[in-house]
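The values are calculated or read from the model by the stated rules, or taken from the named source; none is laboratory data. Small disclaimer: the values here were computed from a predicted structure and weren't measured. No Cβ is skipped: glycine too gets one built from the backbone with ideal geometry, and neighbour counts run over all protein chains shown. Surface accessibility is based on the protein's heavy atoms, side chains included, excluding ligands, DNA and RNA. Shrake-Rupley method; radii C 1.70, N 1.55, O 1.52, S 1.80 Å.
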Amino acid sequence: NAGVTQTPKFRILKIGQSMTLQCTQDMNHNYMYWYRQDPGMGLKLIYYSVGAGITDKGEVPNGYNVSRSTTEDFPLRLELAAPSQTSVYFCASSYGLDSQYFGPGTRLLVL
Amino acid sequence: QKEVEQDPGPLSVPEGAIVSLNCTYSNSAFQYFMWYRQYSRKGPELLMYTYSSGNKEDGRFTAQVDKSSKYISLFIRDSQPSDSATYLCASAAGGTSYGKLTFGQGTILTVHP
């Protein structure tokens with residue numbers, strides 16, 4: 001049981017490039033989430049999903065896209081990377097709010 | 001005004017001290033309240049979960065929610081060096097907003113031997 005896995009662990013992007021952050025969970029959780037964490041700023045919800053085929057915007061969705069074609073996977077897409085997207089990205093999954101499990105994070109640097 | 005406000009600290013205490021961590025929130029619709037612990041360069045882990053007002057105790061940790069004053073607290077008794085981490089409070093409303101967590105900024109705690 002691997003829990004929530006994220007790839008890559010670290011990535012450097014040039015301004016304007018695109019990339020997909022991968023997230024997979026093996027706990028059969030319906031809920032999945034993407035957060036970003038900037039230094040001293042806590043976590044901000046980007047997108048979340050309540051099940052396959054259903055996604056909804058969080059607090060800071062601009063510049064990102066998601067899809068949820070399976071229960072296990074919840075990729076986050078950055079289309080045109082900007083320096084403001086430099087951050088640590090966490091994926092999480094849960095049955096409900098009392099059982100949210102986080103992945104190890106992806107550190108992204110946009111130059 | 002941020003929906004969830006948390007004193008960022010940092011907070012430094014001696015081993016064995018009682019630690020009090022606090023948050024305030026402004027959204028009256030919040031019904032679910034969580035505390036997370038995050039070690040350096042790791043993902044957060046859920047520490048305490050509370051629904052509505054009241055206290056919840058788990059070992060050395062006690063979570064309190066006072067909805068009348070919109071105040072959330074986490075108490076750590078007999079603090080240990082292994083408790084050194086960033087502590088994040090989070091809240092969520094119910095209904096169609098269930099799942100949309102709003103986090104505080106996090107409080108950095110250091111417990112020194």
In region B:102-113, residue nearest to the other protein chains (Cβ to nearest Cβ) [restricted to those that are crowded, with 20+ Cβ neighbours inside 10 Å and in contact with a helix residue (DSSP H, G or I) (Cβ under 7 Å, 6 or more places away or on another chain)]: B:L109
Members of region A:2-33 that are in a strand (DSSP E or B), hydrophobic (A, V, I, L, M, F, W, C) and surrounded by 14 or more Cβ atoms within 10 Å (Cβ to Cβ): A:V4, A:L13, A:M19, A:L21, A:C23, A:M32
Can you find, within region A:97-111, the residue that is nearest to the other protein chains (Cβ to nearest Cβ) among those that are under 27 Å from B:M48 (Cα atoms) and exposed (fewer than 14 other Cβ atoms within 10 Å of the Cβ)? A:D98
Pick out the one residue from B:Y87, B:Y49 that is open to solvent by less than 10 Å² (accessible area, probe 1.4 Å), within 14 Å of chain A (Cβ to nearest Cβ) and of a type in the set (F, W, Y). B:Y87
Does A:P61 count as open to solvent by less than 30 Å² (accessible area, probe 1.4 Å), of a type outside the set (A, V, I, L, M) and not in a strand (DSSP E or B)? yes
Considering (1) in contact with a helix residue (DSSP H, G or I) (Cβ under 8 Å, 6 or more places away or on another chain); (2) acidic (D, E); (3) under 20 Å from A:D98 (Cα atoms), say which one B:E15 fails and leave the rest. (3)
Subset tally (residues that are part of a strand (DSSP E or B) and either more than 9 Å from every other protein chain (Cβ to nearest Cβ) or over 27 Å from B:L109 (Cα atoms) (or both)) for region A:34-52: 8
Please verify whether region B:62-70 includes one or more residues that are in contact (Cβ under 8 Å) with a residue 40 or more places away in the chain and buried (at least 16 other Cβ atoms within 10 Å of the Cβ). yes
Just to be sure before I move on: is B:G99 modelled with pLDDT under 90 and either touching a Cys at 6+ places or on another chain (Cβ under 7 Å) or in a loop (DSSP other than H, G, I, E, B) (or both) in the structure I sent? yes
Can you tell me which residue within region A:56-86, out of those that are modelled with pLDDT of 95 or more and within 14 Å of chain B (Cβ to nearest Cβ), is farthest from A:L21 (Cα to Cα)? A:P61
